[in-house]
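Accompanying notes for the structure given below.
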DNA sequence: ATCCCGGCCGTGAACGTTAACGTGATGGTT
DNA sequence: AACCATCACGTTAACGTTCACGGCCGGGAT
């Protein structure tokens, strides 16, 4: 009794088989409107039997929703993001959502284009690591679609956010360095865009210490380290925006004949999976990245639900714990 | 002259503004059917002016296509995949396609579910790193949707494939080890599924050498290495399925007090971005992962085009060059 | 007995696009 | 001069679902 795969089973086929109308089948699936438990069960059974799958297009035509979730990030090649993405995928699957991913390279134009694309495709919501777009543009996105911003303070109280506790993480890193006797610190900042929590926290804990900014990549970290050490040879400890920049710094240090951590200590941020296997093993700030991904989806689900029910409850602004993992690099 | 964003601009609005019919607007966009260059330009101009965006749902309703591409992979947390994904994203964007990603953990059920999901959502095609599904199931997918398989031999001559040249890469690795004087090799295989190119190539170059299989992860590599060295203490060189397993092997070696490469050499596969920064720097087989991603999309585009035009040209089975990068671990 | 109300379900319409077909004008062929 | 392609465009219908509305039926209040 295998159905012919070339012709689509429609809601009308189900209705006919179950002896009800289209609308009742729709009600049975979506749980909207009044329907008796008995007919609901019967309809669901025939749906199962006929292996009926509602057309996302026809459904989207009415509802403007596609059962999809947009994930915007700056650089999937940075191992931090895949770790988060894994959490996003798993949680999204649990909610019956597919994930469409956009890579932006922290470019404002591409961040905007990604958001527009996601909007047009009728996603249920957006999770975004925005690094270039201004707050107003994020608010504008949120006006059209539920939005959760990641690793950035909320652009408005109404939009949800989930972040690593950068302030604490940075403070822990700096205090660790200071406790080890370092008096001249430096920071390799990678935030090319708008959010400078790490930078501000660093400046707060190490007043007057030099900060050099560069792209949050290995080469960016290398260049930033080279510049900083050139201008401030007295520096004996580097705090990097992320682990990738820390790796670049270590490379640059080596090239200049300086040993890590003996001549110069290095602390990263993210605790990538391979951080412990680097040479030297990287001291870094840890945040549960899988949990971050999961939490982002939960927050988005809340935002979606809130919008549907028009209850404008507090969207929530979560800070995930940051802990210092001391290895050999500092 | 800003349009009200709350009401959608439809094809009829454009038609009215341009003084033509819906169908002509459609023709102007899609390049199908006869239309004079002049009206085409005029219609395109008014589309621009009104900022008209065709509804993906209405379009999909007719065409069953969503302008989307499905990417199925086993473990986004393995840095190999993000590197490929980057190439996929960039190439897909160039073709005007969005990418929906599914993580399967090499689980057959989830591979099938991902494919089904992608099918239902009307993707233009699928790019898949399938590690568990049987060839027949892949052929069945291909019957419904253009498919390109990655890092696996084509399940049928009609389906396109793009792979690293595993046979050559593996041979280079083994020969390097042998040239360094190693007489007792071992392999840490990570292919839990169907494709065993690396394993066979290894067996061909190092006949009789022991092979232990485990999950293609750090812990998997650690466990496999522990087992292999327990059973074959004479082994002085390990070839791992990928860099992650190599890292696991190095960890296991260290725990047992064996130095790398002095007591036991290790060669990986993939040349992850951080491979050079590991301790010791990892000798590994390199394939251009970004290029792999790009090539996959090009192959898929070819398959899509071929299916549309019903020309069943040769789908192409590409092998990307594999080179050995010698560092310190072997 | 009539009215009304709420629970349950059906009917028509609408969402916005493209495929299939139809039509009028133009230009070339017999 | 009649005919016939061909071109350029218009008209109708259909894709499959949900929304808005309406109808029926049974039971309690009037």
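Computed quantities for the displayed model
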| item | result |
| --- | --- |
| Of residues in segment B:61-73 being at negative phi and surrounded by fewer than 23 Cβ atoms within 10 Å (Cβ to Cβ), the one nearest to the other protein chains (Cβ to nearest Cβ) | B:61 |
| Selection from segment A:271-297 of residues that are assigned to a helix (DSSP H, G or I) and in contact with a strand residue (DSSP E or B) (Cβ under 9 Å, 6 or more places away or on another chain) | A:274, A:275, A:276, A:277, A:289, A:291, A:292, A:293, A:295, A:296, A:297 |
| The lone exception for residue B:233 - which of (1) surrounded by fewer than 19 Cβ atoms within 10 Å (Cβ to Cβ); (2) within 17 Å of the chain's Cα centre (by Cα) it fails | (2) |
| Whichever residue in segment B:82-103 is in a helix (DSSP H, G or I) and facing another protein chain (nearest Cβ under 7 Å) and, among such residues, is nearest to the chain's Cα centre (by Cα) | B:85 |
| Qualifying residue in segment B:16-26 (condition: away from DNA strand C (no atom under 14 Å from the Cβ) and either modelled with pLDDT of 95 or more or in a helix (DSSP H, G or I) (or both)) | no |
| Residue match in segment A:88-96 (condition: at pLDDT 95 or above and under 21 Å from residue B:92 (Cα atoms)) | yes |
| Residue B:40 vs. criteria away from chain A (no Cβ under 14 Å), near DNA strand D (Cβ under 8 Å from one of its atoms), closer than 25 Å to residue B:94 by Cα and in a helix (DSSP H, G or I) | yes |
| Positions within segment B:298-325 being out of contact with any helix residue (DSSP H, G or I) (no Cβ under 7 Å at 6 or more places or on another chain) and in a loop (DSSP other than H, G, I, E, B), in sequence order | B:309, B:310, B:311, B:314, B:321 |
| Given (1) within 16 Å of DNA strand D (Cβ to nearest atom); (2) more than 10 Å from chain A (Cβ to nearest Cβ), index of the condition residue B:58 fails | (2) |
| All positions within segment A:98-116 that are surrounded by fewer than 22 Cβ atoms within 10 Å (Cβ to Cβ) and touching a strand residue (DSSP E or B) at 6+ places or on another chain (Cβ under 9 Å) | A:110, A:113 |
| Cβ pairs under 6 Å, 6+ apart, first in segment B:21-37 and in contact (Cβ under 8 Å) with a residue 60 or more places away in the chain, second more than 6 Å from DNA strand D (Cβ to nearest atom) | none |
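For every residue, the table says whether it meets (1) crowded, with 22+ Cβ neighbours inside 10 Å; (2) more than 19 Å from residue A:282 (Cα to Cα); (3) modelled with pLDDT of 95 or more.
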position	(1), (2), (3)
B:247	yes, no, yes
B:264	yes, yes, yes
B:276	no, no, yes
B:307	no, yes, no
B:312	no, yes, no
B:326	no, yes, yes
B:330	yes, yes, no
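The values are calculated or read from the model by the stated rules, or taken from the named source; none is laboratory data. Because the structure is predicted, anything quoted here is derived from the model rather than measured. All Cβ positions, glycine included, derive from the backbone under ideal geometry; neighbour counts span all protein chains shown.
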